[in-house]
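One structure below.
The values are calculated or read from the model by the stated rules, or taken from the named source; none is laboratory data. Keep in mind that what you see is a predicted model, and the values were worked out from it rather than measured. Reconstructed Cβ throughout: ideal geometry from the backbone, glycine too, with neighbour counts over all protein chains shown.
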Amino acid sequence: MRRVVITGMGIWSCLGTDIETVKQSLFEGKSGIGLYPERLEYGYRSGLSGIVEEPVITKQMLDRHTRAGMSEEARYAYMASRQAFEQAGISEEYLLENEVGCIFGNDSSAKPVIEASKIMDEKHDSAMLGYGLIFQSMNSTVNMNLSTIFHLRGVNFTISAACASGSHSIGLGYMMIKQGLQDMVLCGGAQETNYYSMASFDALGAFSVRMDEPTKASRPFDRDRDGLIPSGGAAALVLEDYDHAIARGATILAEVVGYGFSSNGGGISQPSDNGSVIAMSRAMQDAGVTPDDIDYINAHATSTQQGDMYEAIALNRLFNGKRAMISSTKSMTGHECWMAGASEIVYSIIMMQNNFVAPNINFENPDEHSANLNLVTKTTPAELNLVLSNSFGFGGTNSALVIKKV
């Protein structure tokens, strides 16, 4: 089996739209969460959201015909992927001459679907829909756009697995390369942030309504948490066979050494400590490590009562008394949903490269389940050699990744 390394990464998030800015935000424990009044006007209970900058994609970058077919999340993913390929030293010439795959996590494209419906309701003429909405509205919108723009001719499909989508995309890219089916795969996750896309989540009462202090609303593992904060953007990573990377003189950022997965098999929105334990254990077994070896865990914890409780139970089952430090970067980003599993690998690699653990901000009062966790609440210097990252989603899908410093 071949070794799989990460040679490039890009990020477009509420913490920043480049690696250096995001590094500073993580180090400072700076929240990217704010208030969108238009959500309240639209009828939401909560107007809280990660504030993500809208990409400006000029005609010098992409022609009008291409831009017309790009959804919001595809635009985010394009910007993140440009960064990842640049850091990996991958030129347009390289992409034209070599086979590169693309596996991205994405589980909705609400805005173009709703816009198309509005046009049909008003005009009753499908000719009024134009060219681009079909390519924007499909769940595969990110993959089809990236593969076309970057001339990617390898494996090409979308992972649609709720909030574990981005993590599973990296896990499957890792497996493809490990088994010799690909030499290089662009992996990641993307999430739209428009208000159309999150109304049904708001209807569930899943969002925090702590709107008087937006930056303090996301409170993973805290006793007084009252719900998650939706967020989004995109994260992209270039995964590559180790020997292939060395042969072309690439800089190796980290190695993917373990991927674990499971399904809870219970209620559609019901978390499970057993499912979480299985995914984490499988990832560590794949990596050939034990809980004693893990330096840091980037927890899935989204700031919901049930989700954080079950993850805390699972973490205590595996890591109680161990040295692994734990934090949820969602305390700063909110829940980046379909991109979260990919962005949190980017955040973890940034910490790994710069020898610190970003804080679980807003943690003031433990509950009975989080009291025994080794939670990091202030930026902490640390050498991170092995990191475990958790991602869990609706429908009981669980993913865990282990990455290693090279």
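From 31, 49, which residue is in contact with a Pro (Cβ under 6 Å, 6 or more places away or on another chain), buried (at least 20 other Cβ atoms within 10 Å of the Cβ) and within 15 Å of residue 232 (Cα to Cα)?
Exactly one residue qualifies, and that residue is 49.
Taking residue 73 as the residue in question, decide whether it is in contact with a helix residue (DSSP H, G or I) (Cβ under 8 Å, 6 or more places away or on another chain), among the acidic types (Asp, Glu) and either buried (at least 23 other Cβ atoms within 10 Å of the Cβ) or farther than 15 Å from residue 188 by Cβ (or both).
Numbers: in contact with a helix residue (DSSP H, G or I) (Cβ under 8 Å, 6 or more places away or on another chain): yes; among the acidic types (Asp, Glu): yes; either buried (at least 23 other Cβ atoms within 10 Å of the Cβ) or farther than 15 Å from residue 188 by Cβ (or both): yes.
Considered against the rule, which asks whether it is in contact with a helix residue (DSSP H, G or I) (Cβ under 8 Å, 6 or more places away or on another chain), among the acidic types (Asp, Glu) and either buried (at least 23 other Cβ atoms within 10 Å of the Cβ) or farther than 15 Å from residue 188 by Cβ (or both), residue 73 comes out as yes.
What number of residues within segment 137-169 are assigned to a loop (DSSP other than H, G, I, E, B) and within 21 Å of residue 183 (Cβ to Cβ)?
Number satisfying all stated conditions: 6.
Cβ-Cβ under 8 Å, sequence separation 6+ or interchain: first residue in segment 156-184 and touching a residue at least 60 places away in the same chain (Cβ under 8 Å), partner of a type in the set (Lys, Arg) and part of a loop (DSSP other than H, G, I, E, B). Which pairs?
Within 8 Å, the pairs are 177/2; 178/2; 178/3; 179/2; 180/2.
Mind checking which residues of segment 263-283 are farther than 30 Å from residue 49 by Cβ and either surrounded by fewer than 23 Cβ atoms within 10 Å (Cβ to Cβ) or in contact with a Ser or Thr (Cβ under 6 Å, 6 or more places away or on another chain) (or both)?
265, 274, 277, 278, 281, 282
From (1) under 19 Å from residue 340 (Cα atoms); (2) surrounded by fewer than 24 Cβ atoms within 10 Å (Cβ to Cβ), pick out the condition that doesn't hold for residue 249.
Looking at each condition in turn, residue 249 falls short on (1).
Answer yes or no: is there a residue in segment 183-201 that is farther than 28 Å from residue 271 by Cβ, touching a Lys or Arg at 6+ places or on another chain (Cβ under 7 Å) and β-branched (Val, Ile, Thr).
Taking every residue of segment 183-201 in turn, none turns out to be farther than 28 Å from residue 271 by Cβ, touching a Lys or Arg at 6+ places or on another chain (Cβ under 7 Å) and β-branched (Val, Ile, Thr).
Tell me yes or no: at least one residue of segment 280-287 is over 17 Å from residue 13 (Cα atoms) and assigned to a loop (DSSP other than H, G, I, E, B).
Checked segment 280-287: no residue is over 17 Å from residue 13 (Cα atoms) and assigned to a loop (DSSP other than H, G, I, E, B).
Looking at the structure I just gave you, is residue 44 within 30 Å of residue 217 (Cα to Cα), in contact (Cβ under 8 Å) with a residue 60 or more places away in the chain, assigned to a loop (DSSP other than H, G, I, E, B) and of a type outside the set (A, V, I, L, M, F, W, C)?
Yes: the conditions hold for residue 44.
Would you confirm whether any residue within segment 251-258 is part of a loop (DSSP other than H, G, I, E, B), over 20 Å from residue 330 (Cβ atoms) and over 20 Å from the mean Cα position of the chain (by Cα)?
Yes: one or more hits.
Residue-wise test of (1) of a type in the set (S, T, N, Q); (2) modelled with pLDDT of 95 or more; (3) touching an Asp or Glu at 6+ places or on another chain (Cβ under 8 Å).
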residue: 238; (1), (2), (3): no, yes, no
residue: 241; (1), (2), (3): no, yes, yes
residue: 262; (1), (2), (3): yes, yes, no
residue: 273; (1), (2), (3): no, yes, yes
residue: 281; (1), (2), (3): yes, yes, no
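For segment 77-107, give me each residue that is surrounded by fewer than 23 Cβ atoms within 10 Å (Cβ to Cβ), of a type in the set (Gly, Ala, Ser) and in contact (Cβ under 8 Å) with a residue 60 or more places away in the chain.
Once the filter is applied, which keeps residues that are surrounded by fewer than 23 Cβ atoms within 10 Å (Cβ to Cβ), of a type in the set (Gly, Ala, Ser) and in contact (Cβ under 8 Å) with a residue 60 or more places away in the chain, segment 77-107 yields only 89.
Please report, ordered by residue number, the helices (runs of 4 or more DSSP H) entirely within segment 59-132 with at least 1 residues that are over 25 Å from the mean Cα position of the chain (by Cα). Full working, then the answer.
Details: elements: 64-68, 72-88, 92-97, 110-123.
Of the helices (runs of 4 or more DSSP H) lying wholly inside segment 59-132, those with at least 1 residues that are over 25 Å from the mean Cα position of the chain (by Cα) span 64-68, 92-97, 110-123.
Can we say residue 185 is over 23 Å from residue 287 (Cβ atoms) and among the β-branched types (Val, Ile, Thr)?
Against the criterion (over 23 Å from residue 287 (Cβ atoms) and among the β-branched types (Val, Ile, Thr)), residue 185 does not qualify.
Can you tell me which residue in segment 361-396 is nearest to the chain's Cα centre (by Cα), limited to those that are within 23 Å of residue 289 (Cβ to Cβ) and β-branched (Val, Ile, Thr)?
Just the residues of segment 361-396 that are within 23 Å of residue 289 (Cβ to Cβ), to begin with: 372-376, 380-392.
Among the residues that remain, those that are also β-branched (Val, Ile, Thr) are: 376, 380, 387.
Values: 376: 21, 380: 23, 387: 16 Å.
Ranking the candidates gives 387 first.
Among the listed residues 254, 287, 299, identify the single one that is farther than 20 Å from residue 318 by Cβ, crowded, with 21+ Cβ neighbours inside 10 Å and in contact (Cβ under 8 Å) with a residue 12 or more places away in the chain.
254
Residue check: is residue 40 surrounded by fewer than 17 Cβ atoms within 10 Å (Cβ to Cβ), at pLDDT 95 or above and of a type in the set (A, V, I, L, M)?
Taking the combined requirement at face value, the residue satisfies it.
Does segment 215-227 contain at least one residue that is at pLDDT 95 or above, buried (at least 24 other Cβ atoms within 10 Å of the Cβ) and either in contact with a Cys (Cβ under 7 Å, 6 or more places away or on another chain) or aliphatic (A, V, I, L, M) (or both)?
yes
Does any residue of segment 341-363 turn out to be more than 27 Å from residue 12 (Cβ to Cβ), polar (S, T, N, Q) and at pLDDT 95 or above?
no
A quick yes/no check of all residues on (1) surrounded by fewer than 23 Cβ atoms within 10 Å (Cβ to Cβ); (2) closer than 24 Å to residue 398 by Cβ; (3) aromatic (Phe, Trp, Tyr):
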site: 151; (1), (2), (3): yes, no, no
site: 169; (1), (2), (3): no, yes, no
site: 190; (1), (2), (3): no, yes, no
site: 207; (1), (2), (3): no, yes, yes
site: 230; (1), (2), (3): no, yes, no
